[in-house]
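Inspection log for the structure reproduced underneath, given as structure tokens.
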Amino acid sequence: MTQGRGSALLVVMVVVVVVMVVAEAATYTVGDGGGWNFNTAAWPKGKRFRAGDTLLFNYNSRIHNVVKVNKVGHDGCTTPRGATVYQTGKDQIKLGKGQNFFICNLPGHCQSGMKIAITAV
């Protein structure tokens, strides 16, 4: 009977930890009130991101997009083959652990500051 109580306690502890991790996930609106736009490269400064947090990209889908890229794509403002392109104007993207990079790949936009690099712990 003691072993059954111990197993039940372990299950409860695991559930509590999972709920705490899920409850800690935050949603950030990229660019705050200005949305995903030019000169958002500095927007992540001072924020602490965690894996599982969600970025909300609000923008005019007729003139911008969001592309999840690698470091090379971010630094060179290029879209690597197979990169995911978002175009809804209200894109929600979960952060993975480590470095996460996003650009607008429309001509000249990334070069004009429409890119961000975020590290999630």
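Please give the number of the condition residue 67 fails out of (1) part of a loop (DSSP other than H, G, I, E, B); (2) surrounded by 15 or more Cβ atoms within 10 Å (Cβ to Cβ).
(1)
For region 88-109, which positions are touching a strand residue (DSSP E or B) at 6+ places or on another chain (Cβ under 8 Å) and within 18 Å of residue 37 (Cα to Cα)? Reasoning before the result, please.
Taking region 88-109 first, the residues touching a strand residue (DSSP E or B) at 6+ places or on another chain (Cβ under 8 Å) are 89-105, 109.
89, 90, 91, 92, 93, 100, 101, 102, 103, 104, 105, 109 - these are the residues of region 88-109 that are touching a strand residue (DSSP E or B) at 6+ places or on another chain (Cβ under 8 Å) and within 18 Å of residue 37 (Cα to Cα).
Does any residue of region 102-111 turn out to be modelled with pLDDT under 95 and more than 19 Å from residue 54 (Cα to Cα)? So that I can check it myself, show each step before the final result.
As a first pass, look at region 102-111 and keep what is modelled with pLDDT under 95: none.
No, because not a single residue in region 102-111 is modelled with pLDDT under 95 and more than 19 Å from residue 54 (Cα to Cα).
Sort out which residues of region 81-95 are modelled with pLDDT of 95 or more, surrounded by 13 or more Cβ atoms within 10 Å (Cβ to Cβ) and either on the phi > 0 side of the Ramachandran plot or part of a loop (DSSP other than H, G, I, E, B) (or both), and write them in order of number.
89, 95
Among the residues of region 51-66, how many are touching a Cys at 6+ places or on another chain (Cβ under 7 Å) and β-branched (Val, Ile, Thr)?
Residues flagged as touching a Cys at 6+ places or on another chain (Cβ under 7 Å) and β-branched (Val, Ile, Thr) within region 51-66 amount to 1.
Determine whether residue 108 is of a type in the set (Gly, Ala, Ser) and within 13 Å of the chain's Cα centre (by Cα).
No; evaluated as a whole, the condition is false for this residue.
Test of understanding: among 99, 87, which residue is within 12 Å of the chain's Cα centre (by Cα) and over 19 Å from residue 27 (Cβ atoms)? Steps first, please.
On the way: 87 fails: within 12 Å of the chain's Cα centre (by Cα).
It is 99.
With respect to residue 72, determine if the residue is outside any strand (DSSP E or B) and at pLDDT 95 or above.
In short, yes.
Looking at (1) touching a residue at least 60 places away in the same chain (Cβ under 8 Å); (2) closer than 22 Å to residue 111 by Cβ; (3) buried (at least 17 other Cβ atoms within 10 Å of the Cβ), which one does residue 41 not meet, given that it meets all the others?
Exception for residue 41: condition (3).
The values are calculated or read from the model by the stated rules, or taken from the named source; none is laboratory data. On a predicted model such as this, the values are computed, not experimentally measured, just so you know. Because the Cβ atoms are built from the backbone with ideal geometry, glycine has one as well, and the counts that use them run over all protein chains shown.
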